[in-house]
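Undergrad: Here you go, one structure.
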Amino acid sequence: MNRIPSVSLRGVADEDAAAAAPPDPVALARWARAFCVIRFDLERGQLVEACFPPNALTAPGGGLDRLVAFSSFPDSMSHHLPRHRSSVHDSLFSFRVPDPSSPRRAFLYGFVFNRQRQDERLPRGGEQKSVVILSHAPYSSLFRLLLQILGPLCFDVGPSALAMVASHVAAWPAPAPGRPMELPIGSAALRVHLPPAADDPGPPPALLPANPSVPYGLFHDADLFAAFRGLLLHLWTLWELMVVGEPVLVVAPSPAQCSEAVAGLVSLVAPLLYSVDFRPYFTIHDPDFARLNALAEGEVFPPMVLGVTNLFFLKSLKSIPNVVSVGSPNPNSTRVLPVGGQSPGNGTNGTPGKLKLDKLAINKFSPTSLLNSIKLRREGPLSLMTEHKEALWSTYAPTTKPDTSVLNRLIDAGMSPRIEESMSVVNNEILRRHFLELTTNFLAPFGPYLRTTTPSEGTSPFADPPLLPPFHADEFVNGLAARGPGKFLSKRMRSNWLDLYRRFLEGPNFMPWFRQRRAAAEQEQQRLWRLARMNVDIEKLMYKMSELERIDSFNAVERYLLREMENSGKGSADSIAACQKLKEDLQAAFSVLPKDMQQLLLSNPKRAVLLQGSHEKVTGLNGTVTQTSL
């Protein structure tokens, strides 16, 4: 989807050859863990030929170099390459593997530029090599662009290109998740919009984002339309499977196609935080394979999304309840044409047209389609052992109906590959907008439990903010059943729509998302009340209070002042300004108290220091000593 930027590759090499200073390892680690070249040796298998930094793969826990090496190649040399005397096939794909050096369950993302070269003069008729960027961050839109520079550069100038590009990456500013960035590389700049951070809750569930081109989750750059073109009517079922956290096995002919499909599935539920383990390209060398392969018959498969190309997984992981096969065996095209070689659109001679739903419909009755459907269901996923076909096998009963109004807006490129990419951009925008709207409306009923409040006019912002409404699943479901799903969902869901909410509440995605949203709402409420305290006219507020209320307000102002003083020790200009405002409020509150109460309050030395506006050190609430200019 992303085009390679205009950049002089030789200019990068020449420019960096003169650079003597090595990249700052700390600055580099903000973006990437390692840059590697991995070669397939005919005698020894996958080998790490070069790595920068040199010891990046020899982490505590061991095995990372082997895991990365095995994840960086297709399961076998593609037999679909053109049968020429010499040919080259490049592909981009990604993987996600456990980080053995992490004390907790953390993952590393690998982004691969793989080159397969077919040449009769070489041993076994070919060779292959991969260039890999390993990172803790899932910045696929960035690293795919960077690989289109680094990959060819490595084959042009050799492994020294790793250090060259690493120098540029180390010079970048720190990542700004959720924001657009312009990152210089050679004579060009990579313009990317990074996805939000994992702890960023995203937009409120009742608010539809105005700009669907801005990423509200991971892998916003995934090509949904190309990955699932032959399964467009199944996208709503797949969306449900991802929302409720069902295990899914994605089978494709190549790592590029399966990793793109898995990324597309994860992106389908944005802005929902997807908490299920996913592997864009899973191999038998993954340390989790032995555990999954050892599952006894009848044992529940754990929530995971696995992208595979090795058909052995169809037998070894046969307990997984949902299998989707995507892609085309032809690596040069992801298009699916109906029998007869005609485009499913109504464009002719390369003219774009609308997709015809009768070509997509899986439920249109005909004797042939009925027999094929019965045969496909009877044979199950094992039918892929003899012939690859795009299909979905699932025991899940979906609630959401395919939205034909969305499908009717999709554009087909006809027979013209030249305009297919631009049409895919348009189609992806249509699909993303719809599923973003669908997910946002699905999450909207949780809005009241995440709604913040501000002090009403005339009330004191120095009181403790009210707690957010408590959440109880049973009460939520009963209330939702009484209210209904809302206009948007009622048109797109069947009568059993409430079952989808029950599955979501019981699934692995709900609680992490809800806790994150809840924490964000509580933090936002604290911010709003603090802002109200900074803007309140304390004299006007206390004029209307009784004597007891004035004393309570004085104590509240003092409590918040001490809290801000603790924060001001960190050097925050905002906290220092807040301290000054609260100090003035404290003196104003003190001035309206009765004389005997003032004398009583001044008997406390710490309080006396506050009220006298001293520069002395004052002990805060937790016993820490803070200096403030009062």
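The values are calculated or read from the model by the stated rules, or taken from the named source; none is laboratory data. Predicted, not measured: the structure shown is a model, and the values here were computed from it. For neighbour counting, all protein chains shown are included, and Cβ atoms are generated from backbone atoms with ideal geometry for every residue, glycine included. For the accessible areas, the whole protein counts, side chains as well, though only heavy atoms, and no ligand, DNA or RNA atoms are used. Shrake-Rupley method; radii C 1.70, N 1.55, O 1.52, S 1.80 Å.
Undergrad: Of the residues that sit in the stretch 483-505 and are part of a loop (DSSP other than H, G, I, E, B), of a type outside the set (Gly, Ala, Ser) and free of Cβ contacts under 8 Å to residues at least 60 places away in the same chain, which one is most open to solvent (accessible area, probe 1.4 Å)?
TA: So the residue we want is 491.
Undergrad: Based on this model, can you work out whether residue 498 counts as hydrophobic (A, V, I, L, M, F, W, C) and within 14 Å of residue 461 (Cβ to Cβ)? Walk me through how you get there before you give the answer.
TA: Values: hydrophobic (A, V, I, L, M, F, W, C): yes; within 14 Å of residue 461 (Cβ to Cβ): no.
In short, no.
Undergrad: Inspect all residues belonging to the stretch 458-475 and state whether any of them is of a type outside the set (A, V, I, L, M) and within 27 Å of the chain's Cα centre (by Cα).
TA: We begin by selecting, within the stretch 458-475, every residue of a type outside the set (A, V, I, L, M); these are 458-462, 464-466, 469-472, 474-475.
Next, from what is left, pick out any that are within 27 Å of the chain's Cα centre (by Cα): 471.
Looking through the stretch 458-475, at least one residue is of a type outside the set (A, V, I, L, M) and within 27 Å of the chain's Cα centre (by Cα).
Undergrad: Could you list, in sequence order, the residues of the stretch 162-198 that are in contact with a strand residue (DSSP E or B) (Cβ under 9 Å, 6 or more places away or on another chain), of a type in the set (A, V, I, L, M), open to solvent by 20 Å² or more (accessible area, probe 1.4 Å) and assigned to a helix (DSSP H, G or I)?
TA: The initial filter retains those residues of the stretch 162-198 that are in contact with a strand residue (DSSP E or B) (Cβ under 9 Å, 6 or more places away or on another chain), namely 162-163, 165-166, 168-169, 171-173, 175, 178-184, 189-194.
After this cut, where a residue has to be of a type in the set (A, V, I, L, M) as well, the list is 162-163, 165-166, 169, 171, 181, 183, 189-190, 192, 194.
After this cut, where a residue has to be open to solvent by 20 Å² or more (accessible area, probe 1.4 Å) as well, the list is 163, 171, 181, 189.
Scanning the stretch 162-198 gives a single hit, 163.
Undergrad: Which members of the stretch 41-52 meet the condition of being open to solvent by 40 Å² or more (accessible area, probe 1.4 Å) and touching a Leu at 6+ places or on another chain (Cβ under 8 Å)?
TA: Passing the criteria: 48, 52.
Undergrad: List the helices (runs of 4 or more DSSP H) that sit entirely inside the stretch 514-602 and contain at least 2 residues that are open to solvent by less than 30 Å² (accessible area, probe 1.4 Å) and in contact with a strand residue (DSSP E or B) (Cβ under 9 Å, 6 or more places away or on another chain).
TA: It comes to 547-568.
Undergrad: Looking only at the stretch 313-349, count every residue that is touching a Gly at 6+ places or on another chain (Cβ under 9 Å), at pLDDT below 80 and either surrounded by fewer than 16 Cβ atoms within 10 Å (Cβ to Cβ) or outside any loop (DSSP other than H, G, I, E, B) (or both) and tell me the total.
TA: Residues that pass the stated criteria total 4.
One line per residue, one yes/no per condition, for (1) modelled with pLDDT of 60 or more; (2) within 20 Å of residue 160 (Cα to Cα):
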{"position": "17", "(1), (2)": "no, yes"}
{"position": "32", "(1), (2)": "yes, yes"}
{"position": "43", "(1), (2)": "yes, no"}
{"position": "69", "(1), (2)": "yes, yes"}
